[in-house]
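Novice: Before I ask anything, here is the structure I am working with.
The values are calculated or read from the model by the stated rules, or taken from the named source; none is laboratory data. Only a predicted model underlies this, so the values are computations on that prediction, with no experimental measurement involved. Positions of Cβ are backbone-derived with ideal geometry, glycine not excepted, and every protein chain shown enters the neighbour counts. Accessible surface is based on the protein model in full, side chains and every heavy atom, while ligands, DNA and RNA are left aside. Shrake-Rupley method; radii C 1.70, N 1.55, O 1.52, S 1.80 Å.
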Amino acid sequence: MPNFPSQLLTWFDQHGRHDLPWQHPRSPYRVWLSEIMLQQTQVATVIPYFQRFIQSFPTLADLAATDNDTLMAHWAGLGYYARARNLHAAARQCVELHGGELPRDFDALLALPGIGRSTAGAILSQAWNDPFAILDGNVKRVLTRYHGISGFPGQPAIEKQLWAQAQAHVTQVPTGRMADYTQAQMDFGATLCTRAKPACILCPLQNNCAAHAQGLVDALPTPKPSKVLPEREASALLLEDAQGRILLLKRPPTGIWASLWTLPQAETDTELREWFAATVKGDYDNANELPLIVHTFSHYRLHLQTLHLRKVALKSKVGDNADLRWVARDELAALGLPAPIRKLLDRHPAH
């Protein structure tokens, strides 16, 4: 009887994705970059970001040498910004410790910022055809259905079972086909064994799939126990000087939107008013209210009320400093801005 990997590879050869930009060439650097970008993000979204990245930073050493603002400008809009900071830190460690290359060693990869067990396996298997398992969201879904494993896959005990199955499958992969097998698993989960409405009728694995046999396809994987997202409110200021430049503030290196440039922001109107009084020459009460921005983070939903004031100036003792500066609109593209803030600025052009 054909085993799981051989059935999946037969399907992949006909129906898999063979023209993704990181597959040509499949270098360790390109594979790593794509894997980090593809965390929590769909292939179609990642492709243009990946191509822009490779154009600006063709080698790992180029990525290590760039500055934070340039990096964040290339990442802005992809979300989950800790990925970009980890990517940068890992590139610098590779230059320092591994001669500017990604190491072909599981433990050395795992020691780099932002690389977990599955990402390390994905790099080794795709860049070098080494026999390592992966367990991303797509693979978890496929394995829970195929093997009929119930329980939320994020729970350590369930995840342990899934890793054991993933590694057992790897031992059956034909020599030289690990890169294809890794890609096959991701493609299969993304295009056929999807979260909603999986195409079981077209599935090459249906005769051996426990969920299909037991009528549990819609029930697996077991969903995460639900929790209500907390709501938070904040206020922000869109301030323009006489030349129409916008005042931007650099966020601290930790927390939401870390190290990105954004509008001055505070949790309450009172705090924002105090900051304005200490920093800006102008009348806070003349500000216009802009439409509310609602932005959902992984752990809460933010309601951001923005106030707009034109023709203001900084108080002389403040001046431009490393974390606060006036930026002309045509310079915004070169800075990393959070996607909702960039949208807001696009909707309210200078007059």
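Novice: Kindly indicate the residue of the stretch 99-111 that is open to solvent by less than 30 Å² (accessible area, probe 1.4 Å) and touching a residue at least 24 places away in the same chain (Cβ under 8 Å) and also nearest to C200 (Cα to Cα) among those meeting that condition.
Specialist: Within the stretch 99-111, the match that is nearest to C200 (Cα to Cα) is L102.
Novice: Still on this structure, I have one more. Do we have any residue at all in the stretch 212-222 that's open to solvent by less than 90 Å² (accessible area, probe 1.4 Å), assigned to a strand (DSSP E or B) and modelled with pLDDT of 90 or more?
Specialist: The answer is no, given that none of the residues of the stretch 212-222 is open to solvent by less than 90 Å² (accessible area, probe 1.4 Å), assigned to a strand (DSSP E or B) and modelled with pLDDT of 90 or more.
Novice: Taking the conditions exactly as written (in contact with a strand residue (DSSP E or B) (Cβ under 8 Å, 6 or more places away or on another chain), within 27 Å of A84 (Cβ to Cβ) and in contact (Cβ under 8 Å) with a residue 12 or more places away in the chain), does L248 satisfy them or not?
Specialist: It is true that L248 is in contact with a strand residue (DSSP E or B) (Cβ under 8 Å, 6 or more places away or on another chain), within 27 Å of A84 (Cβ to Cβ) and in contact (Cβ under 8 Å) with a residue 12 or more places away in the chain.
Novice: Quick one: which strands (runs of 3 or more DSSP E) sit completely within the stretch 271-339 and have at least 3 residues that are in contact (Cβ under 8 Å) with a residue 60 or more places away in the chain and open to solvent by 20 Å² or more (accessible area, probe 1.4 Å)?
Specialist: Details: elements: 293-296, 301-309, 324-327.
Because the criterion is at least 3 residues that are in contact (Cβ under 8 Å) with a residue 60 or more places away in the chain and open to solvent by 20 Å² or more (accessible area, probe 1.4 Å), the strands (runs of 3 or more DSSP E) in the stretch 271-339 that meet it are 301-309.
Novice: Moving to a separate point now. Restricting to the stretch 43-83, give me the number of residues that are under 27 Å from D346 (Cα atoms) and touching a residue at least 24 places away in the same chain (Cβ under 8 Å).
Specialist: 24
Novice: Here's another thing I want to ask about it. Which condition from (1) under 27 Å from the mean Cα position of the chain (by Cα); (2) under 17 Å from I246 (Cβ atoms); (3) not aliphatic (A, V, I, L, M) is the one that T279 breaks?
Specialist: Answer for T279: the failing condition is (1).
Novice: Which number in (1) in contact with a Leu (Cβ under 6 Å, 6 or more places away or on another chain); (2) open to solvent by less than 20 Å² (accessible area, probe 1.4 Å) marks the one condition that S118 misses?
Specialist: Of the numbered conditions (1) in contact with a Leu (Cβ under 6 Å, 6 or more places away or on another chain); (2) open to solvent by less than 20 Å² (accessible area, probe 1.4 Å), the odd one out for S118 is (2).
Novice: Now, a different point. What is the residue count in the stretch 124-167 for residues that are surrounded by fewer than 18 Cβ atoms within 10 Å (Cβ to Cβ), acidic (D, E) and within 22 Å of the chain's Cα centre (by Cα)?
Specialist: The number of residues fulfilling the criteria is 1.
Novice: Looking only at the stretch 13-25, how many residues end up being open to solvent by 40 Å² or more (accessible area, probe 1.4 Å), of a type outside the set (D, E) and either more than 24 Å from E101 (Cα to Cα) or touching a Lys or Arg at 6+ places or on another chain (Cβ under 7 Å) (or both)?
Specialist: Of the residues in that region, 4 qualify.
Novice: Among the residues of the stretch 149-175, which ones are outside any helix (DSSP H, G or I) and either free of Cβ contacts under 8 Å to residues at least 40 places away in the same chain or under 17 Å from N3 (Cβ atoms) (or both)?
Specialist: Residues satisfying the conditions are Q155, T171, Q172, V173, P174, T175.
Novice: Same structure again: So which residues in the stretch 228-246 are under 12 Å from V312 (Cβ atoms) and not in a strand (DSSP E or B)?
Specialist: D241, A242, Q243, G244, R245
Novice: Quick one: P223 ticks every box in (1) within 16 Å of F12 (Cβ to Cβ); (2) touching a residue at least 40 places away in the same chain (Cβ under 8 Å) bar one, so which box is it?
Specialist: Going through (1) within 16 Å of F12 (Cβ to Cβ); (2) touching a residue at least 40 places away in the same chain (Cβ under 8 Å) one by one, P223 breaks only (1).
Novice: Which of the residues that make up the stretch 1-41 are of a type in the set (F, W, Y) and touching a Phe, Trp or Tyr at 6+ places or on another chain (Cβ under 8 Å)?
Specialist: Taking the stretch 1-41 and keeping what is of a type in the set (F, W, Y), we get 4, 11-12, 22, 29, 32.
Passing the criteria: F4, W11, F12, W22.
Novice: Which fully enclosed helices (runs of 4 or more DSSP H) of the stretch 26-69 have 3 or more residues being surrounded by fewer than 16 Cβ atoms within 10 Å (Cβ to Cβ)?
Specialist: The qualifying helices (runs of 4 or more DSSP H) are 43-56.
Novice: Of the residues that make up the stretch 175-190, is at least one open to solvent by 20 Å² or more (accessible area, probe 1.4 Å) and over 16 Å from L9 (Cα atoms)?
Specialist: Checked against the condition, which is being open to solvent by 20 Å² or more (accessible area, probe 1.4 Å) and over 16 Å from L9 (Cα atoms), the stretch 175-190 yields no hits at all.
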